[in-house]
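Colleague: Handing you this structure, nothing more for now.
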Amino acid sequence: MLIREANLTDAPAIAKVHVDAWRTTYRNLMPAEFLADLSYEAREKMWIKIFSNMAEFNFTYVAENEIGQIVGFASGGQERTGDRLYQGELYAIYILENYQRQGLGHRLISTVAKRLLQSDISSMLVWVLADNPASRFYQSLGGQQVNQKQVEIGTVQLVEVAYAWTDTRTGLI
Ligand SMILES: CC(C)(COP(=O)(O)OP(=O)(O)OC[C@H]1O[C@@H](n2cnc3c(N)ncnc32)[C@H](O)[C@@H]1OP(=O)(O)O)[C@@H](O)C(=O)NCCC(=O)NCCS
């Protein structure tokens, strides 16, 4: 499995993984109609925009299987709200269901943390839906729950929690 930095030409493949993984991950957390309405085209436009407006400290990495198909991605950069304690943020990490629990998530999050370190950022946080099993992924890598907030997704109100590392070099990388 290869992990490499993504670019604009990856937008369609990343969009497909994004939508497919949302549908499997959130099937018990979000309304079925909302998930059915997600579209590859809309996500692709979103990713084209992201790649076109990439700030200096924002980046995306993809994981490719042995035949070059993108099966997961992670994106990160500077924390988006100006948090005083945590300077870096993992914005998103999604792996297709068939490729989960094979160590790929750990490799991707650690790649993001290492990239932040290159910019002297050693603290990081990530927001995750409270009921998402991914919480246990972050806990297993030493993330501490530091915050929570309500978010509206589709038509439902959900709780998101923030997991954070004061120093990603302890446990994550
Ligand atoms: C969450 C996710 C990125 C983790 O990546 P992964 O490749 O599946 O995880 P890894 O194989 O690297 O797991 C490392 C450790 O984390 C823990 N872990 C990972 N997923 C877990 C889960 N669903 N439940 C409990 N523990 C989990 C385990 O301790 C695991 O080690 P083990 O498999 O030896 O027990 C991936 O499962 C995924 O894309 N899930 C769907 C999308 C999602 O929820 N994204 C996060 C949105 S904030």
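The values are calculated or read from the model by the stated rules, or taken from the named source; none is laboratory data. Quick caveat: nothing in here was measured; it's all calculated off a predicted structure. All Cβ positions, even for glycine, are placed from backbone atoms using ideal geometry, and neighbour counts span all protein chains on display. Keep in mind that these areas ignore ligands, DNA and RNA; they rest on the heavy atoms of the full protein, side chains included. Shrake-Rupley method; radii C 1.70, N 1.55, O 1.52, S 1.80 Å.
Colleague: Evaluate the range 78-85: report whether one residue or more is under 24 Å from Trp47 (Cα atoms) and within 8 Å of the ligand (Cβ to nearest atom).
Modeller: no
Colleague: Now, a different point. Out of the residues in the range 49-67 that are more than 16 Å from the ligand (Cβ to nearest atom) and modelled with pLDDT of 95 or more, which is most open to solvent (accessible area, probe 1.4 Å)?
Modeller: Glu66
Colleague: Search the range 110-149 for residues being assigned to a helix (DSSP H, G or I) and near the ligand (Cβ under 7 Å from one of its atoms), and hand back the single one that is nearest to Asp167 (Cα to Cα).
Modeller: Only one residue tops the list, namely Ser140.
Colleague: Could you tell me which residue of the range 96-113 is farthest from the chain's Cα centre (by Cα), considering only residues that are free of Cβ contacts under 8 Å to residues at least 40 places away in the same chain and under 18 Å from Ser135 (Cβ atoms)?
Modeller: Only one residue fits best here, namely Arg101.
Colleague: Another one. Report whether or not Thr155 is more than 7 Å from the ligand (Cβ to nearest atom), of a type outside the set (A, V, I, L, M) and touching a helix residue (DSSP H, G or I) at 6+ places or on another chain (Cβ under 6 Å).
Modeller: no
Colleague: Considering each residue of the range 139-173, count those that are in contact with a Leu (Cβ under 9 Å, 6 or more places away or on another chain) and surrounded by 11 or more Cβ atoms within 10 Å (Cβ to Cβ), and give that number.
Modeller: 23
Colleague: I'd like the full set of residues that are near the ligand (Cβ under 7 Å from one of its atoms) and open to solvent by 90 Å² or more (accessible area, probe 1.4 Å), limited to the range 86-106.
Modeller: Arg101, Gln102
Colleague: With (1) part of a strand (DSSP E or B); (2) within 17 Å of Trp22 (Cβ to Cβ); (3) out of contact with any Ser or Thr (no Cβ under 8 Å at 6 or more places or on another chain) as the list, and Gly105 as the residue in question, which single condition is left unmet?
Modeller: (1)
Colleague: Separate question: Listed residues Ala55, Ala32, Ala11; which is of a type in the set (A, V, I, L, M, F, W, C) and without any contact (Cβ under 8 Å) to a residue 12 or more places away in the chain?
Modeller: Ala32
Colleague: To continue, here is another question. With (1) open to solvent by less than 60 Å² (accessible area, probe 1.4 Å); (2) within 16 Å of the ligand (Cβ to nearest atom) as the list, and Met1 as the residue in question, which single condition is left unmet?
Modeller: (1)
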